[in-house]
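Take a look at the structure below.
Bear in mind that the values in this text are calculations on the coordinates, not laboratory data. Computed from a predicted structure; not experimentally measured. Ideal geometry is used to build each Cβ from the backbone, glycine not excepted, and the neighbour counts take in all protein chains shown.
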Amino acid sequence: MSENTNILVVGIGGQGVMTATEILAEAAIAMGHDAKKTEVAGMAQRGGVVSSHLRFGQRVLSPQITPGTADVLLGFESAEAMRWQHMLKPGGITLMNTARLVPPVVELGLFDYPEDPLAEIRKTGNKVVAFDATSIALELGDIRLGNTVMLGAIADHLPFSAETLLDCVLKRFQRKGEKLVALNRRAFEAGRAAVGEAEAAVA
Amino acid sequence: MAAVMPIPAASRVLLSGNEAVARAVWEAGVKVAAAYPGTPSTEMLEVISTYPDLYAEWSVNEKVSLEVAIGAAYAGSRAFCCMKHVGMNVASDALMTLTLTGVVGGLVIAIADDVGLSSSQNEQDSRYWGRFAHVPVFEPADSQEAYAMTLAAYELSEQFQVPVILRMTTRINHVKSLVTVGERAEHVGAGFTKEPGRFVMVPGNAGKRIPLMFQREIKLREVAEASPLNVIEAGSDKRVGFITAGPAYMHVKESFPNAPVLKLGFSCPLPVEKCRELAAMVEQVVVVEEVEPLVETELKAQGLKVLGKEILPLQGELAPNVLKPAIAKLLGEPVPVVSERLAPAQIFPRPPTMCVACPHLGVYYTLSQVRNLNISGDIGCYTLGAGHPWNALDTCVSMGASMGIALGMDKGRGEADKDKRVVAVIGDSTFLHMGMQGLLDMVYNKGNVTVLLLDNRAVGMTGGQDNPGNGRDIHGEEAPRIDFAKLVSALGVKDERIHKVNPYELPVLFKTIRDEVKVPDVSVIITDQPCVLIKDYHKLKPFEVIDDKCTGCGNCIDVGCPAIHVTRRGKEVKPSGREVDLAFVRIETSVCTGCGLCVQPCAPKAIQHYAPVSPIKLVQGGCAA
């Protein structure tokens, strides 16, 4: 049972967290794994917290990742990446978008947004790679590509090849035309490169 | 709505529990499927409606949906209805007599318990209905089982002419896992046979059906004892054996892979002998069930020595991080200490909020500006009005309850509330679900309540489903559309007390509410702008804040739109000597849809239409929007 891979994808409602996790699940299944995907989403469509759990391996029983056992945390938003650090196993890695999405309760002055979520994560001793997925997507011309950038970012941190994941991503866009397929391929590679470069800089 | 691709038979696909049930309903040859949306059950009917060769409908409430299914089953066809746990409370009146008549065509009722309250007003255990109504209950543990048990439930339903409850929980409905699907089998209905002794439940007839119900239950218990859905799985660690069902089974297997387990799939009537069999194999038995101790209590009454809620919580999911410490403690093993490392970071909460440009924003901003109101609320997106910055909703109990509770607050007001005005807030779909009767009661009993009927033409919170208020059926095709003004008029509200208001016109809304709360009568104010997430909504040119003009007053923040962000804060000393906080803002133009709500309270006119400096392409929505 301990052979399962646990991937936690976090962000806020509307960012595409659940779709990204579903594509990761499809890739795991394409590799012959059993897989389960589950969310703690609540009324997430309304800008709430979303944490999506993906477990895959020979056979998956409980769909939930137990705190302290996630292999990889893919964070679509800075503070959310920080919020869920406790889910990582010792030695687990966080791949996070540096975007900050500030909720109304903070704008109203009722709470503070952490000044530097990345620094807070580093303090925990967990490995973390940060990159600006939102800017990468905007540079490619459409903020909606952020989702694919995030999937590219995790591509080299999975127990299967990046190409398998890329195939599953592009399959989603096949019916929407060559142009979108090409754009998403670029977004995927850009996310992958961003993480690669950030890791090389640390090493 | 979930996009459904035609899935070929024998393929193995990733499906949620809801999608798996939908597939099985179609394969079982079901002819009629009905439901009212409710998290986490909604996608079952959404997906069913995309399959061919069956009739699917959004009913106005769960009781009607069950009655529609009952009619189809009486007519000999296979029928399906589904609902969230609280929906069954509404439908239960029909269920409690349906159990006496039984069915002809198979009838399965899927009930989705929101264990963990991800999107509900309470946590309930729907397995009680099986005991209460003396009908069988199946409990799947993943999508494959949800699929297979739905098919098995139709067989059992027809074999015993009994409706079967499929008890699901959020962790089944919304978990995606692999399912091998099959082919559709046609089901040919027998047709309706007039049989008053069975279908006309007057006392003389019903009394004769009750003994039959109990005889049926005895036979069903025998079937449960032998059912392949109830399996003992041997294990080498015999210190504790587990009796469990549903998602809790997966958690038990994950946590204690070597323990003997009785997995209950057909859990009501309870196969007590099977439970005894497990008990004889192990040193002690722990019953792991979400939520209530139903199996545990029944086994104790049968003289079995089992443990359950003495060591496990009565609320929430029984995940491995709950089970492992509880069992370790029972066995006298060291209990794993939850280290600080395993606690979530203590940062700001991110509660769900209303969408950018939501028409409800105008309503709650206005309600927050009117003094001396007690506001009776209801179930829907507008329940969020209880949160910041509006704090303008004071009660939320059950679907349609805003009406009766408002009348009760009016009639039961004490001296302390004599100057308070009572307001009720209800959405279009909730009003049609169960609010109409409350309004009728209010009119009939001469209440003094101002009702805000927020018609956004959708069941918003569950994803914008259609309803009789928006003129579209479950397939998005044209359907008769109710006229809310005429409807409330027909319920007896005086025509001069009925107002239709655009919720984006704040001065009109404010004046209408302020005027109507002063009138000692029933008033209905209908807001008429669509949910921003449905196709009826049209985006307008976005706004931006002219930085030089912003005085930091923060009035626009009180609207509560998530597109407004603070850029810097400051303090100012007023001529009176009072120090006030300042918050200078910007608008996220990429998500602003130009509703204009924030423009209206902005005194310095600092919010103007967005004029991009360079001609960059404007994009909407999507990641990090």
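Put simply, the amide H of A:Leu101, placed in the peptide plane, has neighbours under 5 Å in A:Ser78, A:Ala79, leaving out anything fewer than 5 places away on its chain.
By the combined test of axial Cα extent (at least 27 Å) and Kyte-Doolittle hydropathy (mean at least 0.0), the qualifying DSSP H helices of chain A come to A:178-202.
Per residue of peptide B:174-184, the mean number of Cβ atoms on other chains within 10 Å of the residue Cβ is 4. Label-to-label distance for A:Arg59 and B:Asn205 is 5.0 nm, based on points extended 7 Å past Cα in the beta-carbon direction. Potential lengthening of the chain between B:Lys309 and B:Arg568 amounts to 88.1 nm, from the contour at 0.36 nm per residue minus the alpha-carbon distance. Over the residues of chain B, the helix contribution to mean residue ellipticity at 222 nm works out to -9500 deg cm²/dmol, using -39500 (n - 2.57) for each DSSP H run of at least 4. Cβ crowding within 10 Å, taken as a proxy for footprinting-reagent exposure, orders B:Lys518, B:Lys238 from fewest neighbours to most as B:Lys518, B:Lys238. Could you give the size of the charge dipole of chain B about its Cα centre, using +1 on the Cβ of each K and R and -1 on the Cβ of each D and E, expressed in debye and rounded to the nearest 20? It works out to roughly 860 debye.
Extension gain, B:Asn391-B:Arg371: 0.36 nm per intervening residue step, less the Cα-Cα distance, totals 6.0 nm. Here the convex hull built on the C-alpha positions of the stretch A:1-84 has a volume of 79 cubic angstrom per residue. Percent of Cα pairs in chain B per distance bin of 20 Å, from zero to the largest separation: 17, 43, 32, 7, 0. Please report the net charge: other residues with Cβ closer than 12 Å to the Cβ of B:Glu222, K and R +1, D and E -1. Spelling it out: positives minus negatives among the neighbours equals +1.
Rg ratio for the stretch B:359-527: its Cα radius of gyration over 2.2 N^0.38 Å, N being its residue count, equals 0.97. Between the helical axis of B:359-369 and the longest alpha-carbon principal axis of chain B there is an angle of about 60 degrees.
With Cα atoms as the point set, the radius of gyration and Dmax of the protein assembly as shown evaluate to 28.0, 85 Å. Whole-Hz Karplus values for the stretch B:520-529 come out as x, 7, 7, 10, 10, 10, 9, 8, 10, 9 Hz, taken residue by residue from phi with 6.51 cos²θ - 1.76 cosθ + 1.60 and θ = phi - 60°; glycine and proline positions read x.
Cross-linked pairs B:Lys208/B:Lys274; B:Lys518/B:Lys605; A:Lys37/B:Lys324; B:Lys418/B:Lys574; B:Lys176/B:Lys219; B:Lys309/B:Lys329: Cα-Cα separations exceed 24 Å for B:Lys208/B:Lys274; B:Lys518/B:Lys605; B:Lys418/B:Lys574; B:Lys176/B:Lys219. Between the amide H of B:Trp390 and any residue lying 5 or more places away or on another chain, no distance stays under 5 Å, with hydrogens modeled in the peptide plane. For the segment A:10-19, counting C-beta atoms of other chains within 10 Å of every residue's C-beta and taking the mean gives 3. Given their separation in residues at 0.36 nm each and the Cα-Cα distance between them, B:Val337 and B:Gln121 gain 74.5 nm when the chain is fully extended.
By the Cα gyration tensor, the stretch B:433-546 has an equivalent ellipsoid whose semi-axes, rounded to whole angstrom, run 27, 22, 10 from largest to smallest. Distance between the 7 Å Cα→Cβ label points at B:Lys418 and B:Lys300: 5.2 nm. Using the alpha carbons alone, the radius of gyration of chain A stands to its Kirkwood radius in an Rg to Rh ratio of 0.95. The alpha carbons of the stretch B:231-336 give a radius of gyration and a Dmax of 12.4, 38 Å, in that order. Shielding value for A:56-69 is 6, the average number of Cβ atoms from other chains within 10 Å of each residue's Cβ. Its relative contact order, with pairs defined as Cα atoms under 8 Å and 6+ residues apart, puts chain A at 19 percent.
Under 5 Å from the amide H of B:Leu582 lie the amide H atoms of B:Gly570, B:Lys571, B:Glu572, each residue being 5 or more positions distant or on a separate chain, with H modelled from the backbone and absent for Pro and chain starts. Other residues lying with their Cβ under 11 Å from the Cβ of B:Gly435 contribute a combined charge of -3, Lys and Arg counting +1, Asp and Glu -1. DSSP beta bridges fully contained in the stretch B:12-226 are about 20 percent antiparallel. Exposure proxy for B:Arg569, A:Arg175: other Cβ atoms within 10 Å of each Cβ, ordered fewest to most, give A:Arg175, B:Arg569. Helix B:62-74 axis versus longest C-alpha principal axis of chain B: approximately 40°, rounded to the nearest ten. Peptides A:19-30, B:36-47 ranked from most to least packed by the mean count of surrounding Cβ atoms within 10 Å: B:36-47, A:19-30. The angle between the Cα long axis of helix B:85-101 and the longest principal axis of the Cα atoms of chain B comes to about 40 degrees, rounded to the nearest 10. The string of couplings for the stretch B:483-495 from the Karplus curve (6.51, -1.76, 1.60, θ = phi - 60°) is 9, 5, 4, 5, 5, 5, 5, 5, 7, x, 6, 5, 4 Hz, one whole number per residue in order, with x for Gly and Pro. Counting beta carbons within 10 Å around each of B:Ser523, B:Ser119 and listing the fewest first gives the order B:Ser119, B:Ser523. Counted by Cβ distance under 10 Å from B:Arg127, the other residues give a net charge of -4, where Lys and Arg count +1 and Asp and Glu count -1. Working note: Karplus 6.51/-1.76/1.60 with θ = phi - 60° gives the stretch B:256-271 the couplings 10, x, 9, 8, x, 9, 9, 8, 8, x, 10, 9, 9, x, 6, x Hz, where Gly and Pro are set to x.
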